[in-house]
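What follows is calculated from the coordinates using simple rules that are stated; it is not laboratory data. All figures in this text were calculated on a predicted structure; none of them were measured in a lab. Cβ coordinates were reconstructed from backbone atoms using ideal geometry, including for glycine residues, and neighbour counts include every protein chain displayed.
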Amino acid sequence: MSAVRALFFDVFGTVVDWRSSISEFGAAMATAENWKLQIDWTEFAEAWRAEYAPSMVEVKSGRRPYARLDILHRENLDRIIPRFGLDGLDESQRQALNLAWHKLNPWADSVLGLTRLKRQFILATMSNGNTALMVNMAKHAGLPWDCILGAEPAQHYKPDPETYLTGADWLNLPPSECMMVAAHNSDLAAARALGFKTAFIARPTEYGPAQAADLAAAEAWDFIAGSMTELADQLHCA
């Protein structure tokens, strides 16, 4: 792996725990504002996330110009609000709730593992999250990125090739000197098809106890680890 100079990371699910974070954020906001509603906030988080992939279809198809994920998240929020009896939220409350995605908490091993990896590699995001979202999340969670790359710089969402290739290009690196790190097999497959090295990190509880996909590596990726710190061990990062 001496040729690899940069590690690109999927963020949602791989580096941060969106499910618990959104649930905790919603519950805390409801308590702070004294909402008289009985809401299963974990179900709310899962419902909101379920709108994620469908919301990008129009952009990926070219029928809609690129729109930041903050915008798609807000549209998705407005779509699911009636299901949970939150129709009465005003504009400021909806804006505040939408910012929950900027304050996701890392998995317990993420910060230590990334800090170790940073000593040897350039660390960059390769996320569908927009730049402001990624920067705010990094500040909140203590994520030691060297740069924020991914969908917004490329104006494309993963798994479009332009997303990965723009990241490599912005670092002036060929794909062969880049490695994609993700908890999602499809993400790694898209990157490997473009010449990236690959590393799978298992996050079998990303979607909770009923998770059925991405429980393990589906292919012989270059590296397969159970945590960010295990990946640092495999890459000989002190």
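Things worth noting here:
- Gaussian network model of the chain, Cα within-10 Å springs - most flexible of 130, 76, 172: 172
- Computed FRET value (nearest 0.05) for residue 176 with residue 233, which takes r as the C-beta separation and R₀ as 22 Å: 0.40
- Our estimate of slack between residue 135 and residue 39, defined as 0.36 nm per intervening residue step minus the Cα-Cα distance, is 31.6 nm.
- Projecting the Cα positions of 81, 93, 105 onto the charge dipole of the stretch 48-139 (unit charges on Cβ atoms of Lys, Arg, Asp and Glu, taken about the Cα centre) puts 105 furthest along the positive direction.
- Over the residues of the chain, the helix contribution to mean residue ellipticity at 222 nm works out to -12500 deg cm²/dmol, using -39500 (n - 2.57) for each DSSP H run of at least 4.
- Filtered GluC sites (Glu not before Pro), the stretch 159-238: DSSP coil and at most 14 other beta carbons within 10 Å: 219
- Inter-probe distance in nm under a simple model that places probes 7 Å from Cα toward Cβ, at residue 50 and residue 28: 2.6
- Degrees separating the helix 69-80 axis from the principal Cα axis of the chain, which is the longest one: 40
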